[in-house]
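Everything on this sheet refers to the single structure shown next.
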């Protein structure tokens with residue numbers, strides 16, 4: 001294995017310590033923890049075995065930290081279909097849920113997720129399933 005020849009800034013350890021205290025994502029926390037051990041002087045092989053990282057993955061995170069700082073440890077956006085539920089749609093659903101369902105032609109005095117989805121589709125043109133509506137409502141609580 002080749003020797004790692006990277007130079008870290010003088011404030012790398014305090015930066016990583018602060019980052020570890022602020023991060024909430026477990027994957028990012030583990031990465032920062034492993035990189036911190038390498039910056040402290042431990043060998044890549046030792047850290048990768050101790051924290052159950054592959055050697056190549058740890059090497060990649062150390063390089064990213066050296067070149068990009070803590071921003072290099074955060075997940076990058078992944079390709080895929082954008083979410084249907086936007087912030088604006090969430091707000092519309094919240095306003096809708098606060099209204100009386102009888103005002104929107106419902107036969108019942110309480111909303112069901114299916115009825116909310118139907119009214120939301122009628123008003124916005126976005127068709128969501130009842131489970132998607134349920135997920136948004138659960139997240140809003």
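Just a few scattered comments:
- Every listed requirement among (1) at pLDDT 90 or above; (2) in contact with a helix residue (DSSP H, G or I) (Cβ under 8 Å, 6 or more places away or on another chain); (3) closer than 26 Å to residue 139 by Cβ is met by residue 79 save one, (2).
- Of the set (1) at pLDDT below 95; (2) surrounded by 12 or more Cβ atoms within 10 Å (Cβ to Cβ); (3) more than 29 Å from residue 139 (Cβ to Cβ), all apply to residue 70 but (3).
- On inspection, residue 128 passes the criterion of being surrounded by 18 or more Cβ atoms within 10 Å (Cβ to Cβ) and farther than 30 Å from residue 19 by Cα.
- From the list 102, 107, 93, the lone residue that is outside the structural domain of residue 19 (by TED's automatic domain parsing), more than 22 Å from the chain's Cα centre (by Cα), over 27 Å from residue 23 (Cα atoms) and not in a helix (DSSP H, G or I) is 107.
- Conditions (1) assigned to a helix (DSSP H, G or I); (2) touching a residue at least 24 places away in the same chain (Cβ under 8 Å); number of the one not met by residue 72: (2)
- Scanning the stretch 34-65 for residues that are more than 23 Å from the chain's Cα centre (by Cα) and either in a loop (DSSP other than H, G, I, E, B) or within 13 Å of residue 9 (Cα to Cα) (or both) yields 39, 40, 41, 42, 43.
- Checked against (1) surrounded by 16 or more Cβ atoms within 10 Å (Cβ to Cβ); (2) in contact (Cβ under 8 Å) with a residue 40 or more places away in the chain, residue 119 passes all but condition (2).
- Members of the stretch 107-116 that are surrounded by 17 or more Cβ atoms within 10 Å (Cβ to Cβ) and in contact with a helix residue (DSSP H, G or I) (Cβ under 6 Å, 6 or more places away or on another chain): 111, 113, 116
The values are calculated or read from the model by the stated rules, or taken from the named source; none is laboratory data. Please read all numbers here as calculations on a predicted model, not as lab measurements. Backbone-built Cβ (ideal geometry, glycine too); neighbour counts: all protein chains shown.
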